[in-house]
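Undergrad: Take this structure, written in structure tokens, and hold onto it; I'll ask about it next.
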Amino acid sequence: MTLILSLLAVVLVLATVLPLSVRREWWIRALDFPRLQIAIAAVAWLLVWLILAPDNTLWLSLLALCVAAVFCYQAYWITPNTEMHRQEVERYDSLIDGNCPTLRIISSNVLMHNRNSGPLLSLIRQHQPDIVITLESDQWWQDELDSLTSYPHRIACPLDNLYGMHVYSRLPLDEASIEFLVEDDKPSMHARVEVTPGISVQLHVVHPAPPAPGENEESTERDVELLMLAKAISDSQQRLIVAGDLNDVAWSATTRLFRQISGLLDLRIGRGLYNTFSANHWYARWPLDHFFVSQHFKVVDIQRLRNIGSDHFPLLVELAITDSQRQTSAVEDEELDQERLDSIEHSKAARQAQSLPG
């Protein structure tokens, strides 16, 4: 038993320490994802250690201190995404904020090979969002979604490589564009949404590739795309929404850099994990689908919707446009991880992206 506990403790410590590195190999960056699972495993280890207390050696006691440190460190990253933290984006209160225009959006990674559009179409009809965002949507999905006749304004990029993307909107979309920021087969979408006369919102939809075998051996392309967008909008005074499947968890160092540089706020902070992937495995779920907003918004509603046959749950948000600009980011005063930022910026993908038009 001592050997087994020792080996498990070493695994937990390594799984916690390796992501501290700025290295971008997929197997290192993948350890950013299961922080909750690692924290739970640390608690289980400590319980077993306590049960075996009479037989504990000095070695196991030292390992227990290490495992306790693992739990504390993982909890530090997870806690902001729970109700124990202050809400980064305040809740909308009509008595305080007055009557404000609202914007309801559903974002759904549909899973390209999923050939059952009924559950998603049913959710759209039930919740009546102003905008529907789909990811991994190919031509088959476009043909199915074209039945949404009450959404006349559209941006379409059907692809059969798991990176197709569509935006369907009741509201006018101006200056709509499809950009390939880093990889020539991974699109992003950008448009100005006319919510009411005189009130518009700049919408950015992204879906960078994950660091994974068969995709990218490193997280470089994903990290570069997120930081390119963060820099592009960092000085903007517009109302901004960034949405999509970032293939990165809410608590990763890259997502933190994105929030620090862009100045955007995370709807999850102070509310909950809203784990959207994997819909197929309850024990391995992470917050991969995101909404980041500028200070002009407050939250009316946020929901993880029911399974539609994809490996992702859809995410619904309703935002009130209050233009209060009194809200502050939880990472605003934290020191920028300059070493990690320099490492990403000096990568080959970043140098290639610099030459892209627009």
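The values are calculated or read from the model by the stated rules, or taken from the named source; none is laboratory data. Keep in mind that what you see is a predicted model, and the values were worked out from it rather than measured. Note that each Cβ is placed from the backbone with ideal geometry, even for glycine, and that neighbours are counted across all protein chains shown. These accessible areas exclude ligands, DNA and RNA; they are computed on the full protein's heavy atoms, side chains included. Shrake-Rupley method; radii C 1.70, N 1.55, O 1.52, S 1.80 Å.
Undergrad: Among the residues of segment 59-104, count how many are open to solvent by 50 Å² or more (accessible area, probe 1.4 Å), over 24 Å from Leu20 (Cβ atoms) and not in a helix (DSSP H, G or I).
TA: The qualifying residues number 9.
Undergrad: Between Glu218, Glu318, which is among the acidic types (Asp, Glu), under 24 Å from Val132 (Cβ atoms) and more than 15 Å from the chain's Cα centre (by Cα)?
TA: Answer to the check: Glu318.
Undergrad: Taking the criterion of being part of a loop (DSSP other than H, G, I, E, B) and either open to solvent by 40 Å² or more (accessible area, probe 1.4 Å) or closer than 30 Å to Ser200 by Cα (or both), would at least one residue in segment 26-42 satisfy it?
TA: Within segment 26-42 (the criterion being part of a loop (DSSP other than H, G, I, E, B) and either open to solvent by 40 Å² or more (accessible area, probe 1.4 Å) or closer than 30 Å to Ser200 by Cα (or both)), the answer is no, since none of the residues qualifies.
Undergrad: With respect to the numbered conditions (1) among the small types (Gly, Ala, Ser); (2) crowded, with 21+ Cβ neighbours inside 10 Å; (3) within 14 Å of the chain's Cα centre (by Cα), which one is the sole condition not fulfilled by Gly272?
TA: With (1) among the small types (Gly, Ala, Ser); (2) crowded, with 21+ Cβ neighbours inside 10 Å; (3) within 14 Å of the chain's Cα centre (by Cα) applied to Gly272, the lone miss is (2).
Undergrad: Condition (residue is touching a residue at least 12 places away in the same chain (Cβ under 8 Å) and under 24 Å from Asn81 (Cβ atoms)) applied to segment 51-68: is it met by at least one residue?
TA: Yes, the conditions are met somewhere in segment 51-68.
Undergrad: Determine whether segment 139-147 contains at least one residue that is assigned to a loop (DSSP other than H, G, I, E, B) and open to solvent by less than 30 Å² (accessible area, probe 1.4 Å).
TA: Looking through segment 139-147, none of the residues is assigned to a loop (DSSP other than H, G, I, E, B) and open to solvent by less than 30 Å² (accessible area, probe 1.4 Å).
Undergrad: Quick one: in segment 298-314, which of the residues that are within 13 Å of Val89 (Cβ to Cβ) and more than 18 Å from the chain's Cα centre (by Cα) is least open to solvent (accessible area, probe 1.4 Å)?
TA: That would be Lys298.
Undergrad: For Ser188, work out the one condition from (1) surrounded by fewer than 22 Cβ atoms within 10 Å (Cβ to Cβ); (2) at pLDDT 95 or above it doesn't fulfil.
TA: Result: Ser188 fails condition (1) only.
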